[in-house]
Amino acid sequence: MTPEVRGRTFLVLGLGRSGCAAGALLRRHGAHVIGADDADRTAVERRWSSEDLEELAGVAFDRVETGPDWRALAPGDLDAVVLSPGVPPDNPGLSRLRKAGLPVHGELEWAARFCASRVVAVSGTNGKSTTTAWIAHVLETAGVPSPALGNLGRPFAMEADSLSTAAVPVVVGPFGQEDDWIENGLTLHLTQE
């Protein structure tokens with residue numbers, strides 16, 4: 001079931017490909033989205049240019065805050081926080097938002113909330129990409145549309161709300177014990193990085 005986000009305000013932290021995709025997903029469903037990144041505005045715009053993200057970023061955010069300025073956002077003005085996969089969950093700016101009771105979830109979890117089909121999630125230290133590609137190939141060979149998404153291919157948020165119920169996206173990325181959205185998951189070879 002698609003969550004009701006219309007009129008709610010989300011902070012998307014991390015303005016790379018996945019953060020832009022998450023912002024665009026939320027805005028397609030009527031949310032107000034503030035994009036934030038610890039990098040300064042010039043570095044963010046350089047990243048958008050080098051990764052050909054200007055168009056996606058242009059539709060993803062109502063407002064962008066960069067550098068330490070985003071940490072001054074009032075928690076009372078926000079409804080939830082979405083973390084890009086590259087943002088550590090212990091980012092110093094998040095503790096104040098968590099203490100204020102704001103829900104903080106990853107881009108992959110938010111994307112899963114908009115996906116009408118079942119999802120296979122793959123995580124771990126080593127072997128994620130190979131396993132994800134193999135599962136997607138096996139499912140595709142069996143006639144089940146199975147795009148490989150996440151940090152292998154396109155961000156899950158870029159396609160989650162357009163996948164048919166017959167599709168089984170295979171998503172690879174960082175997942176933690178708090179990720180209770182995962183129904184079908186694999187955790188591979190955990191080692192210290």
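The table below lists the values:
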{"item": "Residues (under 18 Å from E107 (Cα atoms) and polar (S, T, N, Q)) located in segment 133-168", "result": "N151, S162"}
{"item": "Tally of residues being open to solvent by 20 Å² or more (accessible area, probe 1.4 Å) and in contact with an Asp or Glu (Cβ under 6 Å, 6 or more places away or on another chain) across segment 26-63", "result": "2"}
{"item": "Filter result for R71 (at pLDDT below 95, more than 19 Å from A157 (Cα to Cα) and of a type in the set (K, R))", "result": "yes"}
{"item": "Qualifying residues in segment 1-25 (those that are of a type in the set (K, R) and assigned to a loop (DSSP other than H, G, I, E, B)) - the one surrounded by the most Cβ atoms within 10 Å (Cβ to Cβ)", "result": "R8"}
{"item": "Residue in segment 73-85 that is over 16 Å from the mean Cα position of the chain (by Cα) and under 24 Å from A160 (Cα atoms) present", "result": "yes"}
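Condition check ((1) touching a Pro at 6+ places or on another chain (Cβ under 6 Å); (2) hydrophobic (A, V, I, L, M, F, W, C)) across all residues:
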site: F10; (1), (2): no, yes
site: S18; (1), (2): yes, no
site: D37; (1), (2): no, no
site: V59; (1), (2): no, yes
site: L83; (1), (2): no, yes
site: P88; (1), (2): no, no
site: A112; (1), (2): no, yes
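Each row is one residue, and each column tells you yes or no for (1) among the aromatic types (F, W, Y); (2) in contact with a Cys (Cβ under 8 Å, 6 or more places away or on another chain).
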| residue | (1), (2) |
| --- | --- |
| G30 | no, no |
| A39 | no, no |
| V44 | no, no |
| L53 | no, yes |
| A60 | no, yes |
| W70 | yes, no |
| D77 | no, no |
| P85 | no, no |
| I135 | no, no |
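The values are calculated or read from the model by the stated rules, or taken from the named source; none is laboratory data. Source: prediction; values computed, not measured. Backbone-built Cβ (ideal geometry, glycine too); neighbour counts: all protein chains shown. Accessible surface areas use protein heavy atoms only, side chains included; no ligands, DNA or RNA. Shrake-Rupley method; radii C 1.70, N 1.55, O 1.52, S 1.80 Å.
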